[in-house]
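Remarks on the structure that follows.
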Amino acid sequence: MKIMKTSFNRLNMLLLVAMMLWSSLSLFAQDGAANLPGDPELGKKLFNAQCAACHKLDKKLVGPAMAGVTERRSQEWLIKWIRNNAELRASGDRDAIAIYEEYNRSAMPAFPLLSDQDILNILAYTIVGDKPAAAPAADQGAPATGVAQPKEGLNIWVLVALSSFLLVLLLILVKVKNTLKVIKGEEPTSVLEDFSKGVQVAVKNQKLIVFLTIVVSVFLLKELYWGLMSIGVEQGYMPEQPIAFSHKIHAGDNGIDCKYCHYGAEKGKHSNIPSAMLCMNCHTYIQEGPKYGTKEIDKIYAAVGFDRESNSYIPGYEQKPVKWVRVHNLPDLAYFNHAQHVNVAGLECQTCHGPVQEMEVLYQYSELTMGWCINCHRETEINVENGYYKDLHDKLKEKYKSKKVTAEMIGGLECGKCHY
Ligand code: HEC
Ligand code: HEC
Ligand code: HEC
Ligand code: HEC
Ligand code: HEC
Ligand code: HEC
């Protein structure tokens, strides 16, 4: 009889543990979903317009696959990262720095105009994925069907499935126990009675108490850590580039022509970033800046091997290129040529790059999406007096006598012109 009794107590404890697991798991699952009070439909539109050039849900493109990103990262982190990843990195956030290094320092643009709600919508879309109409809003927390699930990582739906499984197990255990009782001629007990008995046994079980204490403290520590990491993100902002180069000082205040430094833009596909030797044309003499004094200019000297004291180059010094961080980055599948736009079409840099001469820290101004290219090709008149392709232009002038000749008319909407 005594043995019978202890084994019943064991069973009670098992029930208790199963129940706690179940409730905490379903809490977690709800937490995950409730964290995303976003509309996946709206999110999808934003994603396609602003992110799809570099991200896909299910596979790596320019940046990582987006499915499951909400399990890798906290919501708070994601909002900061998406709004301005350079700033997050500058705050010293390890994850932000690690992923940036992993992707060879190709900087993702900042999206200062996205509201928190916009970002939550996008995140909801990364969870729900592409589904046929009537997608349940993620905040309902319903185990939706046909969800585009991330391939790796613990997904909240896995948690839901796991916890449902545990619930079923629990009910079966209760059933088994009650059947045993009936066989022995005792009154069956309810789940609630079992629960309170279980609690009584559990508080006497030291191992269980120790285990639970550990779980709770780990959880609290993690929360504390995240709390601490997010303090002071707004402070101590450091520019993202290796040298605090200001376009405002150079192209704005001092009126240096863009093409003095970016001379490649007129001649070829790429607009070059100037080498540190070009900086030395002026900085051999301009040895101090208005804001950073000698600190930033010394970095130019360190790259080219110039000694401030003796005012001369160090003999035999191996020059190190400055590792500028790329801001603009079209996917490889698209072909864009600067010379064609700057020289042939005669467009100003600012048409596409915005008011660069006012930027302390350079940022991507235009969307750089296919829609952006095509809209401009539809609207922009080509410069028929530029002396290039004279024959073609004369024919076009003939053909469209009164109308304006746009880039579209010379084939600017043909897929093959922009995609090889
Ligand atoms: C121009 C390309 C580009 C665009 C556009 C872009 N990203 Fe990224 N994204 C990247 C790259 C590259 C990385 C990898 C980190 C790095 O190199 O800085 C990244 C990383 C991320 C990460 C971190 C993923 C992880 O595993 O931690 C998130 C989240 C993200 N992007 C979301 C977005 C969202 C949302 C948008 C649209 C609003 C967007 N990105 C638009 C290029 C881009
Ligand atoms: C004194 C040299 C200098 C002048 C003048 C200059 N730039 Fe730059 N530019 C740089 C350097 C160095 C970088 C790389 C660091 C950075 O991104 O700030 C750069 C970066 C850029 C980038 C981003 C490249 C990328 O990584 O995608 C653009 C766009 C750009 N410049 C446009 C312009 C325009 C437009 C002007 C004229 C209004 C101009 N620049 C004038 C030196 C110059
Ligand atoms: C055509 C001349 C010229 C060239 C080329 C040039 N600079 Fe400058 N730079 C200036 C002038 C002018 C100032 C401002 C000095 C002042 O106001 O006291 C300046 C200031 C600076 C400062 C100081 C910023 C501060 O606020 O302390 C840095 C850093 C700098 N330049 C970096 C560069 C880099 C990097 C390059 C090459 C990519 C470069 N410069 C090329 C003319 C030039
Ligand atoms: C028609 C739009 C357009 C105009 C005009 C334009 N750019 Fe760009 N620029 C782009 C695009 C698009 C990219 C991204 C190219 C890529 O990633 O391959 C880019 C990239 C750059 C880069 C990064 C290096 C590279 O080539 O990828 C620099 C620097 C730059 N532009 C400078 C300039 C300067 C300076 C001018 C004016 C002389 C200028 N751009 C005019 C659209 C333009
Ligand atoms: C600000 C307006 C503008 C934007 C933005 C723009 N383009 Fe263009 N593009 C033009 C004009 C104008 C021409 C015609 C040049 C000429 O006279 O040949 C042109 C011509 C071209 C051509 C040659 C077409 C032909 O038939 O020879 C290609 C390719 C091209 N652009 C690619 C792109 C790509 C890729 C993008 C986006 C990344 C882009 N353009 C963005 C204005 C623009
Ligand atoms: C004026 C230049 C231009 C023309 C014309 C053009 N594209 Fe694009 N396309 C781009 C650029 C730039 C991108 C990359 C930016 C983006 O994905 O938002 C792109 C992206 C794409 C993508 C997306 C690939 C991905 O990242 O998932 C597809 C598909 C595509 N183009 C197909 C076409 C087809 C089909 C045509 C002809 C009807 C066409 N394009 C005409 C410039 C062009």
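For the stretch 155-177, check the following and say yes or no: at least one residue is in a loop (DSSP other than H, G, I, E, B), closer than 29 Å to E76 by Cβ and at pLDDT below 85. Among the residues of the stretch 155-177, at least one is in a loop (DSSP other than H, G, I, E, B), closer than 29 Å to E76 by Cβ and at pLDDT below 85, which makes the answer yes.
Listed here are the residues, each with its yes/no results for (1) modelled with pLDDT of 90 or more; (2) of a type in the set (V, I, T); (3) surrounded by 12 or more Cβ atoms within 10 Å (Cβ to Cβ); (4) within 27 Å of D93 (Cα to Cα).
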site: L208; (1), (2), (3), (4): no, no, yes, no
site: L228; (1), (2), (3), (4): no, no, no, yes
site: I231; (1), (2), (3), (4): no, yes, no, yes
site: C258; (1), (2), (3), (4): yes, no, yes, no
site: Y292; (1), (2), (3), (4): yes, no, yes, yes
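Every listed requirement among (1) buried (at least 20 other Cβ atoms within 10 Å of the Cβ); (2) away from ligand 6 (no atom under 16 Å from the Cβ) is met by M66 save one, (2).
Listed here are the residues, each with its yes/no results for (1) within 18 Å of G264 (Cβ to Cβ); (2) in contact with a Leu (Cβ under 7 Å, 6 or more places away or on another chain); (3) of a type in the set (D, E, K, R).
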| residue | (1), (2), (3) |
| --- | --- |
| Y313 | no, no, no |
| E318 | no, no, yes |
| P321 | yes, no, no |
| V327 | yes, yes, no |
| L330 | yes, yes, no |
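Only one entry of E348, E367 meets the criterion of being touching a residue at least 40 places away in the same chain (Cβ under 8 Å), surrounded by fewer than 16 Cβ atoms within 10 Å (Cβ to Cβ) and within 15 Å of ligand 2 (Cβ to nearest atom), and that entry is E367.
Whenever a residue of the stretch 44-65 is more than 14 Å from D130 (Cα to Cα), its partners that are hydroxyl-bearing (S, T, Y) and surrounded by fewer than 20 Cβ atoms within 10 Å (Cβ to Cβ), lying with C-beta atoms within less than 6 angstrom and at least six residues away or across chains, give the pairs A53/T369.
Is it true that some residue in the stretch 69-78 is among the β-branched types (V, I, T) and modelled with pLDDT under 85? No - not one qualifying residue is present in the stretch 69-78. Against the condition under 23 Å from V361 (Cα atoms), buried (at least 16 other Cβ atoms within 10 Å of the Cβ), modelled with pLDDT under 90 and more than 16 Å from ligand 6 (Cβ to nearest atom), how does A138 come out, does it pass? No; evaluated as a whole, the condition is false for this residue.
Is it the case that some residue within the stretch 382-405 is away from ligand 1 (no atom under 16 Å from the Cβ) and modelled with pLDDT of 85 or more? No; the residues of the stretch 382-405 include none that is away from ligand 1 (no atom under 16 Å from the Cβ) and modelled with pLDDT of 85 or more.
Looking only at the stretch 373-387, residues that are within 27 Å of the chain's Cα centre (by Cα) and surrounded by fewer than 14 Cβ atoms within 10 Å (Cβ to Cβ) come to 1 in all.
Report, by residue number, each residue of the stretch 299-337 that is touching a residue at least 60 places away in the same chain (Cβ under 8 Å), of a type outside the set (K, R) and either loosely packed, with under 12 Cβ neighbours inside 10 Å or within 16 Å of ligand 6 (Cβ to nearest atom) (or both). Result: V327, N329, L330, P331, L333, A334, Y335, F336, N337.
Looking only at the stretch 67-80, decide whether some residue is in contact with a Gly (Cβ under 8 Å, 6 or more places away or on another chain), more than 30 Å from A244 (Cβ to Cβ) and hydrophobic (A, V, I, L, M, F, W, C). There is at least one residue in the stretch 67-80 that is in contact with a Gly (Cβ under 8 Å, 6 or more places away or on another chain), more than 30 Å from A244 (Cβ to Cβ) and hydrophobic (A, V, I, L, M, F, W, C).
Within the stretch 351-364, being surrounded by 16 or more Cβ atoms within 10 Å (Cβ to Cβ) and within 9 Å of ligand 5 (Cβ to nearest atom) holds for one residue alone: C352. Taking only the stretch 255-274 into account, find how many residues are more than 8 Å from ligand 2 (Cβ to nearest atom) and not in a helix (DSSP H, G or I). Adding up the residues that qualify gives 6.
Taking every residue in the stretch 242-263 that is under 14 Å from C282 (Cβ atoms) and in contact (Cβ under 8 Å) with a residue 40 or more places away in the chain and pairing it with any residue that is among the polar types (S, T, N, Q) and within 6 Å of ligand 2 (Cβ to nearest atom), at least 6 positions away or on another chain, the pairs with Cβ-Cβ distances below 6 Å are A251/Q357. Scanning the stretch 85-110 for residues that are surrounded by 19 or more Cβ atoms within 10 Å (Cβ to Cβ), touching a residue at least 60 places away in the same chain (Cβ under 8 Å) and either closer than 11 Å to E240 by Cβ or among the polar types (S, T, N, Q) (or both) yields A86, E87, L88, R89, S91, A107, A110.
The values are calculated or read from the model by the stated rules, or taken from the named source; none is laboratory data. Because the structure is a prediction, the values reported are computed rather than measured. Every residue, glycine among them, receives a Cβ derived from its backbone with ideal geometry; neighbour counts consider all protein chains shown.
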